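J.: Here it is: the structure, laid out below.
The values are calculated or read from the model by the stated rules, or taken from the named source; none is laboratory data. For clarity, every value in this text was computed on a predicted model and none was experimentally measured. Ideal geometry is used to build each Cβ from the backbone, glycine not excepted, and the neighbour counts take in all protein chains shown. When the accessible area is computed, the model is the full protein with side chains, heavy atoms only, and any ligands, DNA or RNA have been set aside. Shrake-Rupley method; radii C 1.70, N 1.55, O 1.52, S 1.80 Å.
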Amino acid sequence: MRVDFHVHTVYSKDSVITFPLLVDACREKGIDAVAVMDHDVIEGALEFASRSDELMAAGEQVPRVIVGEEVRSAAGEICGLFISERVPDHLGPRKTMELIKEQGGLVYIPHPFDILKLKRLKARELLELAELIDILEACNGKPRFPWANVLAGRFLARNHFPRAAGSDAHEPVHLGAASVEMEEFNGPADLLEKLDAGSISGRRYSPLTSAFIRVNLRRKTRSQ
Ligand SMILES: [Zn+2]
């Protein structure tokens, strides 16, 4: 199955991806599952997941939705996967990770080497917190720093972390810009087990293109 581990919905405010747009784009691009990682909110992920579960049970072809959150911690963004409750923002990184783990979730570090982000976990901190980190995003679709994924690759060549990929899509056209082709999984432990054999693919698109597309989409929907 093809999985995009980093997707934003309209609940992120800066994204235009509604549930029907997500379904259409995933069908078109052959994406079987997405992790919804809205900024500091979880309602969208919960809603999308329950709508997708319902439709799947009715035999419809819709992407499976993993509930997640991209939490703005005091030391930059940290994602939780397979969570059921919102993790509060602006806590320290260790506390943020512990709250994700307490819910049985996985700690996923998005765009780890996007060095143009002022607040981010540095390499040294990633190593210090390694026992709490489950997955590192080896390929992000939209890092501000163009070589962020190359730096992540270099770090991962020296340090073993399970790796995944996500488009960071805020608009349908970019869904699947980075993804993992892997065996079907059931729950967090099974995902971790199967991730190692997965294969990552992705291409970077520019944050400017992303912003431009969103402005145009909003203008179009307003004039309808
Ligand atoms: Zn994101």
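J.: Taking the Cα centre as origin and putting +1 on Lys and Arg beta-carbons and -1 on Asp and Glu beta-carbons, what dipole magnitude results for the chain, to the nearest 20 debye?
T.: Details: 29 positive and 33 negative charges, 259 e Å.
The dipole of the chain has a size of about 1240 debye.
J.: Please label the shape of the chain as rounded, prolate or oblate, based on the square roots a ≥ b ≥ c of the eigenvalues of the alpha-carbon gyration tensor (a/c under 1.5 means rounded; beyond that, a/b larger than b/c means prolate, else oblate).
T.: Details: a/c = 1.43, a/b = 1.25, b/c = 1.15.
Because its axes are fairly even, with a/c under 1.5, the chain counts as rounded.
J.: Please list GLU77, GLU184 in order of solvent-accessible area, largest first, computed with a 1.4 Å probe with all protein chains present. Numbers along the way, then the final one.
T.: Working: GLU77 30, GLU184 130 Å².
Heavy-atom accessible area, descending, gives GLU184, GLU77.
J.: Ignoring ligands, DNA and RNA, please state the percent of accessible area on the stretch 2-223 from carbon and sulfur, probe 1.4 Å.
T.: On the way: 5420 of 10070 Å².
Here it works out to 54 percent.
J.: How many angstrom lie between the C-alpha centres of the stretch 144-207 and the stretch 82-125?
T.: Cα centroid of the stretch 144-207 versus Cα centroid of the stretch 82-125: 16 Å apart.
J.: Quick one: length gained pulling GLU181 to LEU132 fully straight, 0.36 nm per residue minus the C-alpha distance? If you can, show how the numbers build up before the last one.
T.: On the way: separation 49, 0.36 × 49 = 17.64 nm, distance 2.48 nm.
Extra length available between GLU181 and LEU132 comes to 15.2 nm.
J.: Using the charge dipole of the chain (Lys, Arg: +1 at Cβ; Asp, Glu: -1 at Cβ; taken about the Cα centre), state which of SER210, LEU175, ALA25 has its Cα farthest towards the positive end.
T.: The Cα lying farthest towards the positive end belongs to SER210.
J.: Now, a different point. For every other residue with a beta carbon closer than 9 angstrom to the beta carbon of ARG163, add +1 if it is Lys or Arg and -1 if Asp or Glu, then tell me the sum. If you can, show how the numbers build up before the last one.
T.: Values: positive: none; negative: GLU137, ASP196.
Here the count lands on -2.
J.: Just grab the label-to-label distance for ILE115 and SER199, each label 7 Å out from Cα along the Cβ direction, in nm (one decimal).
T.: Between ILE115 and SER199, the label points sit 3.1 nm apart.
J.: For the stretch 1-109, which trypsin sites (Lys or Arg not before Pro) are both in a DSSP coil and crowded by at most 16 other Cβ atoms within 10 Å?
T.: Values: sites: ARG2, LYS13, ARG27, LYS29, ARG51, ARG64, ARG72, ARG86, ARG94, LYS95, LYS101; in loops: LYS13, ARG86.
Counting only loop positions with at most 16 other Cβ atoms within 10 Å, the trypsin sites (Lys or Arg not before Pro) in the stretch 1-109 are LYS13.
J.: Something else about it: Tell me the accessible surface of MET1 in square angstrom (1.4 angstrom probe, heavy atoms of protein chains only), to the nearest ten.
T.: For MET1, the solvent-accessible surface is approximately 40 Å².
J.: If you don't mind, another one. What do you get for chymotrypsin sites (Phe, Trp or Tyr not before Pro) in the stretch 115-224 restricted to DSSP loop and a cutoff of at most 16 other Cβ within 10 Å of the site's Cβ? Intermediate values should be presented prior to the final figure.
T.: Details: sites: TRP147, PHE155, PHE185, TYR205, PHE212; in loops: TRP147, PHE185, TYR205.
In loop regions of the stretch 115-224 (DSSP not H, G, I, E or B), the sparsely surrounded chymotrypsin sites (Phe, Trp or Tyr not before Pro) are TRP147.
J.: Could you tell me the calculated FRET efficiency between SER206 and GLU43, based on Cβ-Cβ distance and R0 = 30 angstrom, to the nearest 0.05? Provide the component values of the computation, followed by the final result.
T.: Working: r = 29 Å, r/R0 = 0.98.
My answer for the efficiency is 0.55.
J.: Additional query: Per DSSP H run of at least 4 residues, take -39500 (n - 2.57); add these up for the chain, divide by its residues and hand me the 222 nm value, nearest 500 deg cm²/dmol.
T.: On the way: 7 runs with 78 residues, N = 224.
Computed ellipticity for the chain at 222 nm equals -10500 deg cm²/dmol.
J.: Could you provide, to the nearest whole Å², the per residue accessible area of the chain with probe 1.4 Å?
T.: 46
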